[in-house]
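The values are calculated or read from the model by the stated rules, or taken from the named source; none is laboratory data. Keep in mind that this is a model prediction, so the values were computed, not measured. Note that we place each Cβ from the backbone using ideal geometry, even for glycine, and neighbour counts take in every protein chain shown. Accessible surface areas use protein heavy atoms only, side chains included; no ligands, DNA or RNA. Shrake-Rupley method; radii C 1.70, N 1.55, O 1.52, S 1.80 Å.
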Amino acid sequence: MTIVEHLDELRSRIIRVGIAFVAVVVVAWFFRVPVFNWLLAPAERLGGQLNFTGVTGAIMTDIKITLYVGLMLTLPWALYQAWAFVVPAVGEVGRAFTYTLVTLASLLFLAGAAFAYYFVLPFAMNFLIGWGGDRFQPIITGDAYLSFVMRFLLAFGIAFEVPAATYVGAKLGLITAPTLRRFRRHAIIVNAVVAAVLTPAEPFSMIMMMIPLTLLYEVSILIARYVNPVTEGPLPERFPGDEERA
């Protein structure tokens, strides 16, 4: 394919993702109130209500809710289109691999978002909002709260994609289990930095992200060992061809 043909294919796939995104957003608009209540549930201290400071604050919050829902629900379709675009460059991998990859990545993203929502977000919200006791009266706008929660869910969803990335790297021969084991200590440090950057400025959320990231790294080692089995042993004393060169 020429460069123009590649650009045409890229444009076609972007349009497909855009159409799916718009369709999901339109449907999500009719469910904006239940979604709003669902997102507000972890913050029990707010009593089920948020504030807005501008005339358009309420409607803009609803629009952002539908856009975020559209982003999260069209992610599997976007992943499929992105992989279908780049897969010719890495060789024939088969439809089974493509479907497995998209399914794995989608489930891991949802698992990360669910873990954040049900286990981390309630504690983080109550801890941060309740900080200071009676000294402060929280006045939290819908825009600020929604942006915080959705970034939180997206951060955990993306962080949980480590096994999917390992699956691709192992399938393409770029990653092996011995290599991952060799860099295990470095990965722990990287996980701590990532958790500190993506979570709020309080230690519990950081720990609650770092622990699953570390466990997912160990799972990635098992995935790499299964997908790309490589034995780790001592190097041979003589390599094939040494006698001929001698």
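Rounded, prolate or oblate: which fits the stretch 1-68, taking a ≥ b ≥ c as square roots of the Cα gyration tensor eigenvalues, rounded meaning a/c under 1.5, else prolate when a/b beats b/c?
Numbers: a/c = 3.48, a/b = 2.99, b/c = 1.16.
Prolate, because a/c is 1.5 or more and a/b exceeds b/c.
At a 1.4 Å probe radius, which order do Glu5, Glu44, Glu161 fall into by accessible area, largest first? Let's see the in-between values first.
Values: Glu5 85, Glu44 140, Glu161 40 Å².
Ranked list, largest accessible area first: Glu44, Glu5, Glu161.
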Revision key, fill the gap. With the charge dipole of the stretch 133-196 built from beta-carbon charges (+1 for Lys and Arg, -1 for Asp and Glu) about the Cα centre, the Cα from Ala187, Gly157, Leu146 projecting farthest to the positive end belongs to Ala187
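Kyte-Doolittle cut-off 0.0, length cut-off 18 Å along the helix's own axis using Cα: show which whole DSSP H helices in the chain pass.
Working: long enough: 3-29 (39 Å, 1.26); 57-73 (24 Å, 1.40); 95-115 (30 Å, 1.50); 142-159 (25 Å, 1.38); 184-198 (21 Å, 1.41); 203-227 (35 Å, 1.51).
Span-like helices, by this rule, are 3-29, 57-73, 95-115, 142-159, 184-198, 203-227.
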Exercise for review: Can you find, among Val22, Gly47, Thr61, the residue farthest towards the positive end of the dipole of the stretch 1-71? Put +1 on the C-beta of Lys and Arg, -1 on that of Asp and Glu.
Suggested key: Gly47
Review point. Hey, got the dipole for the chain? About the Cα centre, +1 on K and R Cβ, -1 on D and E Cβ, debye to the nearest 20?
Key: 280
Revision key, fill the gap. Rounded to the nearest 10 Å², the 1.4 Å probe accessible area of Trp29 is 80
Review point. Please report, for the Cα atoms of the stretch 1-140, the Rg to one decimal and the Dmax as a whole number; what are they, in angstrom?
Key: 20.2, 66
Point to revise | For Asn51, distant residues with modelled amide H under 5 Å away | key: Ile140, Thr141, Gly142
Point to revise | Top positive-direction residue, dipole computed over the chain with Cβ charges, set Phe119, Trp83, Pro229 | key: Phe119
Review point. Per-residue accessible area for Ile189 at 1.4 Å probe radius, Å² rounded to 10?
Key: 110
Exercise for review: Largest first and to the nearest Å, give the Cα extent of the stretch 66-197 along each principal axis.
Suggested key: 62, 39, 20
Check your understanding: Expressed as cubic angstrom per residue, what is the convex hull volume of the alpha carbon set of the chain?
Key -> 176
Point to revise | Rounded to the nearest 20 debye, dipole of the stretch 88-223 from Cβ charges on Lys, Arg, Asp, Glu | key: 440
Exercise for review: Tell me what the chain gives for mean residue ellipticity at 222 nm when only DSSP H runs of n ≥ 4 count, each as -39,500 (n - 2.57), the sum divided by the residue total, rounded to 500 deg cm²/dmol.
Suggested key: -23000 deg cm²/dmol
Point to revise | Over the chain, relative contact order from alpha-carbon pairs under 8 Å, at least 6 apart, % | key: 21
